[in-house]
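The values are calculated or read from the model by the stated rules, or taken from the named source; none is laboratory data. Note that the structure is predicted; figures quoted are calculated from it, not measured. Cβ coordinates were reconstructed from backbone atoms using ideal geometry, including for glycine residues, and neighbour counts include every protein chain displayed. Each accessible area value is taken on the protein alone, full model and side chains, heavy atoms only, with ligands, DNA and RNA left out. Shrake-Rupley method; radii C 1.70, N 1.55, O 1.52, S 1.80 Å.
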Amino acid sequence: MSGAIANAHSKHDDHGPVKGWRRWLYATNHKDIGTMYLVFSLVMFFCGGLMALIIRTELFTPGLQFVDPSFFNQMTTMHALIMVFGAVMPAFVGLANWMIPLMIGAPDMALPRMNNWSFWILPVAFSILGSTLFMSGGAPAGGWTMYPPLVLQTGDAFPFLIFSVHLMGLSSIMGAINVIVTIVNMRAPDMTLLKMPMFVWTWLITAYLLLAVMPVLAGAVTMLLTDRFFGTSFFLAAGGGDPVMFQHIFWFFGHPEVYIMILPAFGVVSEIIPTFSRKPLFGHDSMVYAASSIAFLSFIVWAHHMFTVGMPLTGQLFFMFATMLIAVPTGVKVFNWTATMWKGAMTFETPMLFSLSFLFLFTIGGFSGLMLAIVPADIQYHDSYFVVAHFHYVLVPGSIFGVMAAVYYWMPKWTGHYYNERLGKIHFWLSTIFVNVTFFPMHFLGLAGMPRRIPDYATQFADFNSIASAGAIGFGLSQLLFVYIVIQCVRKSGAIASQEVWDKPRGLEWTVPSPAPYHTFETPPEVSPGAAFP
Amino acid sequence: MIRKLCTSVLALLIAGDAFADWAVNMPKGVTRLSAETYEIHMVVFWWCVAIAVVVFGAMIWSLINHRKSKGAVPSQFSHSMIAEVIWTTIPVIILLIMAVPSAELMIKLEDTRDPDLTVVITGYQWKWHYAYQGEDVSFYSTLARPSMAARRRNSGIDPSTVENYLLDVDNRLVVPKGAKVRVLLTSNDVIHSWWVPELAMKKDAIPGFMNETWFRAEVSGVYRGQCAELCGMDHGYMPVVVEVVEREAFEVWLENEKGGATPVATASGELK
């Protein structure tokens, strides 16, 4: 199959992109689509970030100063939906589009037209979601988890919320199919599965997770829709339905979703740490097995989000033990990254710095995750700021730092120029310091008894809230520097990057020129059968 | 807005004492199970600290010593079966050590048999309703007036001047000290969650469901908590206040309530 594509292209292999808007609207080139995904994700990151800052500004001192409670709830809900579905997931799909073909020696993604479709659905979905802010009754305010019966009280925004979630799901499913088909069919001839780079592996696993759970979410929200408009009572106790069933279905989607957002970051870090340690990745195969185990376990732990709904004891015990088990493969990954650095010759360019920050701070998020698995303690932690601290530690210095590391790592390959290393390091330090100032005090707030999703709080929570708010504003402003660095790099103001970019990195992406030509690997790369790809 | 923030910062610095309550940990609470919950929380926490010392220690050691600027020459080893087995096995053992006491405590938490008193708690948007089963005593519990006035946007009332801001109610749930109180939870509209940190008790109030849990408070006093499950606009304004009193005082209070009067005894604070 890849041979056929290669032949078709070899006759006019110097052709570049179409000029003007057609290049983007009709895009089928994986690099163009990857770029669009990344830009879209950055825009959404700032929209969601702005909402986070509204939340933190209101929470700066006790008392209501800036917004009303209902608008506050709209902000928490929209912040989460936009960050999860608009920022983190599309960022990783963007990276997948750009890098997977380059890393496996394929000329493009397997299904380029579907690729176009899956991207262009997203701006539509988020326009619909964003427009709900201006509808009567306001935007959805029942939390991103959309628990009934509360979510059914949403105003005119309700059907638009459901429809936009459907669209996001469609986009993700198409993206996932594309990734799977590409990886399974279009690898370079000698690249056996276990020779694939970790980023490709983690994305393959992620794509299967997406394929498995996005339809579940679509089903759940469709049942919400019929409950509201067509007289069904799936989740309404008064009609014989069960509000808790929604939570089971939602978290059957929601927990794998957590790994959908972190596994590609694991892959990114597994590419970067070896490069800057100048050592091969330690335990490549056990990393693959660990990621697969995490993916499997993610399907049988969902009810740990629901330890206070009143499950039978045996159910609670099962979900506690299963959840604790996840610590084992996750630990294996952390230990393998540490072993990769061990006795290496490390240098600390920005991608490495973000990866190291990931390593430390994601592990802290892992520790609080382990604590949350312990049911008796979780009864205290549940729905408190401790949970907010936990998932922001795994999502911000976890997923988002993973994306940042990836962007710094591969940007010279994309643009042909280095970013400004000094500014990159400043961006790293500001981000790392402020992320801790923002989220670490939230552990204390939660333990001291502050519930999440409240617009105002008792005065004993004032100090840590002020610190967290100050940190959030600092973190938000630091990200403007990131935009500046990216724009500078795209406008080619930095030093010219060589083909290898870094010091002898491993992987096929470093065998094509920088910037990567519009068409790459029109004939599959030849690699001697014995050589290790990773 | 910036001026407001600045004044807030200033106010915070000056009135530091008013806010100063740097609680950083879970309360030990006033029931035996809350103390055990605290114990488990701390045990797991210290395990995490110990693991962090080892893992972060190794990372930091490596970061300091294995850097190119120090002339490190990279080794090329890339796997070790023994290492993988060791760092898979040890976490499993540590997890088992944590899991056993947790499971034991869970069994105790679920044991709602033989209660001395049963209270049916119903969640409403946005207040609680308490009914003492078999006693013909029931009442609503809503946010206290001083907080109600101060919570409005730009109310002009400094929350730090309001006693127990957002954590005070008009009618408290009164229970006798040392009695096993069974709590039955349900809701009239959306899902709420009844949480009192000092009692280590949190359970969802779900429409159509009757959830069950219990506590036995060993120390008299007033314990405050909040609704923990997002329940709409005023989710942040439906506190839970439990007053634990001596058994005799409780009997007196219960008799007064049965008199049919609206409950006033607890609004002013201590029971007489």
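Annotations
- In region A:145-168, the qualifying residues are those that are open to solvent by 10 Å² or more (accessible area, probe 1.4 Å) and under 30 Å from A:Pro101 (Cα atoms), and the one that is farthest from the other protein chains (Cβ to nearest Cβ) is A:Leu167.
- The listed residue being free of Cβ contacts under 8 Å to residues at least 60 places away in the same chain, open to solvent by 30 Å² or more (accessible area, probe 1.4 Å) and in contact with a helix residue (DSSP H, G or I) (Cβ under 9 Å, 6 or more places away or on another chain), out of A:Phe299, A:Phe321: A:Phe321
- Residue satisfying all of: in region B:110-130; away from chain A (no Cβ under 12 Å) and out of contact with any Phe, Trp or Tyr (no Cβ under 8 Å at 6 or more places or on another chain); most open to solvent (accessible area, probe 1.4 Å) among these: B:Arg113
- Selection over region B:52-106 of residues that are surrounded by 15 or more Cβ atoms within 10 Å (Cβ to Cβ) and among the aromatic types (Phe, Trp, Tyr) gives a count of 2.
- Residue match in region B:29-47 (condition: more than 10 Å from chain A (Cβ to nearest Cβ), of a type in the set (Val, Ile, Thr) and part of a helix (DSSP H, G or I)): no
- B:Lys180 satisfies every condition listed in (1) of a type outside the set (Val, Ile, Thr); (2) modelled with pLDDT of 95 or more; (3) closer than 29 Å to A:Tyr457 by Cβ except (3).
- Looking across A:Leu81, A:Leu38, A:Leu95, one residue alone is open to solvent by 20 Å² or more (accessible area, probe 1.4 Å) and touching a residue at least 24 places away in the same chain (Cβ under 8 Å). It is A:Leu38.
- If you filter region A:442-456 down to residues that are more than 7 Å from every other protein chain (Cβ to nearest Cβ) and in a loop (DSSP other than H, G, I, E, B), you find that the one that is nearest to the chain's Cα centre (by Cα) is A:Arg452.
- Condition met for B:Gln133 (of a type outside the set (D, E, K, R) and touching a helix residue (DSSP H, G or I) at 6+ places or on another chain (Cβ under 9 Å)): no
- Qualifying residue in region A:254-271 (condition: in contact with an Asp or Glu (Cβ under 8 Å, 6 or more places away or on another chain) and surrounded by 22 or more Cβ atoms within 10 Å (Cβ to Cβ)): no
- Taking the listed residues B:Ile60, B:Ile86, B:Ile107, B:Ile94, the one that is in a helix (DSSP H, G or I), over 30 Å from A:Lys343 (Cβ atoms) and either facing chain A (nearest Cβ under 9 Å) or not hydroxyl-bearing (Ser, Thr, Tyr) (or both) is B:Ile107, with no other qualifying.
- Under the condition of being in a loop (DSSP other than H, G, I, E, B), polar (S, T, N, Q) and either over 19 Å from the mean Cα position of the chain (by Cα) or more than 9 Å from chain A (Cβ to nearest Cβ) (or both), the residues counted in region B:153-212 number 4.
- Set B:Val100, B:Val162, B:Val174: member being touching a residue at least 60 places away in the same chain (Cβ under 8 Å) and at negative phi: B:Val174
- Residue identified as β-branched (Val, Ile, Thr) and open to solvent by 10 Å² or more (accessible area, probe 1.4 Å) among B:Val183, B:Val162, B:Val137, B:Val196: B:Val162
- Looking across region A:471-528, the residues that are small (Gly, Ala, Ser) and open to solvent by 40 Å² or more (accessible area, probe 1.4 Å) come down to A:Ser493, A:Ala495, A:Ser498, A:Ser528.
So that you can scan it fast, the table gives a plain yes or no per residue for (1) closer than 22 Å to A:Pro451 by Cβ; (2) among the polar types (S, T, N, Q); (3) more than 9 Å from every other protein chain (Cβ to nearest Cβ):
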| site | (1), (2), (3) |
| --- | --- |
| A:Phe360 | no, no, no |
| A:Ser368 | yes, yes, no |
| A:Ser399 | no, yes, yes |
| A:Met404 | no, no, yes |
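- In region B:204-231, the residues that are free of Cβ contacts under 8 Å to residues at least 12 places away in the same chain form Cβ pairs under 7 Å with partners that are open to solvent by less than 50 Å² (accessible area, probe 1.4 Å) and part of a loop (DSSP other than H, G, I, E, B), at six or more places apart or across chains, as follows: B:Leu230/A:Gly142; B:Leu230/A:Gly143; B:Leu230/A:Arg453.
- A Cβ distance below 6 Å, combined with a sequence gap of six or more or placement on separate chains, defines the contacts here; from region A:144-168, residues that are free of Cβ contacts under 8 Å to residues at least 24 places away in the same chain reach residues that are of a type in the set (Val, Ile, Thr) in the pairs A:Leu150/B:Val190.
- Identity of the residue in region A:102-153, of a type in the set (A, V, I, L, M) and in a loop (DSSP other than H, G, I, E, B), that ends up farthest from the chain's Cα centre (by Cα): A:Met135
- In region A:104-137, the residues that are within 20 Å of B:Leu230 (Cβ to Cβ) and surrounded by 21 or more Cβ atoms within 10 Å (Cβ to Cβ): A:Leu129, A:Thr132
- Residues of region B:140-158 include at least one that is in contact with a His (Cβ under 8 Å, 6 or more places away or on another chain) and open to solvent by 10 Å² or more (accessible area, probe 1.4 Å).
- One residue stands out in region A:198-227 among those that are of a type in the set (Phe, Trp, Tyr) and buried (at least 22 other Cβ atoms within 10 Å of the Cβ): the one that is farthest from A:Ser293 (Cα to Cα), namely A:Phe199.
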